[in-house]
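What follows is calculated from the coordinates using simple rules that are stated; it is not laboratory data. Note that the structure is predicted; figures quoted are calculated from it, not measured. With ideal geometry, Cβ positions are generated from the backbone for all residues, glycine too; neighbour counts draw on all protein chains shown.
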Amino acid sequence: MNQNSSPLDSVGVLGMGRFGSFWASFLSTQFKVSVWSAHSVYEPYPFIKGHFPVETVSLPRLCEVPVLFLCNSIGSMKEVAAQIAPHLKAGTLIIDTGSIKSYPLRQLGENLPDSIEILGSHPMFGPDSAKEGTAGLPLVLTPFRCSEEKISQWKKYFLQMGLNVFLMSADLHDQKAAKTQALTHLVGRILDLMTLSIDDCEIATAGYKKLQEVTASVGKDSEDLFEAMQILNPYAFSMRKDFLSALQKVLKSIEQSSFHQLD
Ligand code: NAP
């Protein structure tokens, strides 16, 4: 770690969308970082203190790094695996960063050669939620096809970078993420559509301001990411069903209230 250029200290990041640029900036505080993206261009995040220059390289050169982070959209995982497979050397570690875990890991497992190691990760934050700093923010690691030694090494690196690391299976991650992240994004999307009610108001309560924060923190995420969280997470359907059923119960109790009889 810390900007020397031994092979173990070099990492690559594929995909310079909203999250990939942010993640490359964050990693560049500790590692020599190379990046590649099909169309997007790396933009450093100024609120990340002490980041070092990041090098943009070709796809074959990116695949020479010993550790490659994938920050492409979840739906493109199969296509990206096919793009990188011919360039990767045996022993390369691929770390995906998708907001759901079972689906992308299955795609990588099925489409990358057995000689390639695969570790799932999900930083539970992004360019909006990390603005006030990354210290103590949660990151999930989901062991998949990877040596214990590499899992411990990356757990240690992320702890040293001030993150709070949780190890769990991809399935457990997806269960928990459906009840927390997919729910938050669903509510944020709904509130965002109610444009008038999330406007600033001089008599806004503290609770209302928190709703505004939720809306702002998810509003810039892509449609693609929202749909992946809601459709490719196998537990999101039941979360939405619970949400709708609870909403219907609340609306029914309002309709049936005796207050309707008051003069
Ligand atoms: P995004 O802004 O929509 O970016 C999508 C990225 O996927 C772009 O870099 C795009 O590359 C790449 N991509 C799409 N199709 C591709 C293909 N067929 N081949 C190669 N690259 C392709 O989404 P995002 O918010 O950055 O999310 C990217 C990943 O980060 C997702 O897996 C997401 O779950 C994860 N993540 C996001 C957040 C967050 O806060 N946003 C937090 C944690 C994890 P080009 O633009 O160059 O075409």
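Within the shell of other residues whose beta carbon sits under 15 angstrom from the beta carbon of residue 22, the net charge comes to 0, with Lys and Arg scored +1 and Asp and Glu -1.
Which FRET efficiency value, to the nearest 0.05, is calculated for residue 159 and residue 132 with the Förster distance at 22 angstrom and r the Cβ-Cβ distance?
The value I calculate is 0.65.
For segment 33-140, the set of trypsin sites (Lys or Arg not before Pro) satisfying both a DSSP loop assignment and a count of at most 10 other C-beta atoms within 10 Å is given as 49. Summary of packing: across the peptides 206-212, 71-77, the per-residue average of other C-beta atoms within 10 Å ranks them, highest first, as 71-77, 206-212. Here the chain carries DSSP beta bridges of which approximately 20% are antiparallel, counting only pairs with both residues inside. FRET efficiency for residue 147 and residue 176, Cβ-Cβ distance as r, R0 = 30 Å, nearest 0.05? After rounding, the FRET efficiency stands at 0.75. Taking the Cα centre of segment 1-132 as origin and assigning +1 to Lys and Arg Cβ atoms and -1 to Asp and Glu Cβ atoms, the resulting dipole is close to 100 debye.
Both numbers refer to the Cα atoms of the chain; Rg and Dmax are 20.8, 79 Å. Taking 30 Å as the limit for the C-alpha separation, the pairs 32/209; 156/241; 78/150; 179/209; 150/210 exceed it in the case of 32/209; 156/241; 150/210.
Our summary gives the chain a relative contact order of 13 percent, counting only alpha carbon pairs under 8 angstrom and 6 or more residues apart.
Where the only charges are on Cβ atoms (+1 Lys, Arg; -1 Asp, Glu), what is the dipole of segment 74-205 about its Cα centre, to the nearest 20 debye?
Dipole magnitude for segment 74-205 comes out near 460 debye.
The Cα center of segment 189-263 and the Cα center of segment 51-124 differ in position by 35 Å.
Built from the Cα atoms of segment 139-238, the convex hull projects on average onto 8.5 nm², one quarter of its surface area.
Determine, at each q value in 0.14, 0.21 (inverse angstroms), the log₁₀ of I(q)/I(0) that the Debye formula gives when each Cα of segment 1-153 is one equal point scatterer. Computed log10 I(q)/I(0) values: -0.63, -1.56. Dividing the C-alpha radius of gyration of segment 45-99 by 2.2 N^0.38 Å, with N its residue count, gives 1.28. For the chain, the Cβ-based charge dipole about the Cα centre amounts to some 480 debye (Lys, Arg positive; Asp, Glu negative; other atoms uncharged).
Helix-only mean residue ellipticity at 222 nm, the chain, DSSP H runs n ≥ 4 weighted -39,500 (n - 2.57), per residue, nearest 500. What is it?
It comes out at -11500 deg cm²/dmol, rounded to the nearest 500.
Counting only DSSP beta bridges with both residues in segment 37-168, the antiparallel share comes to about 35 percent.
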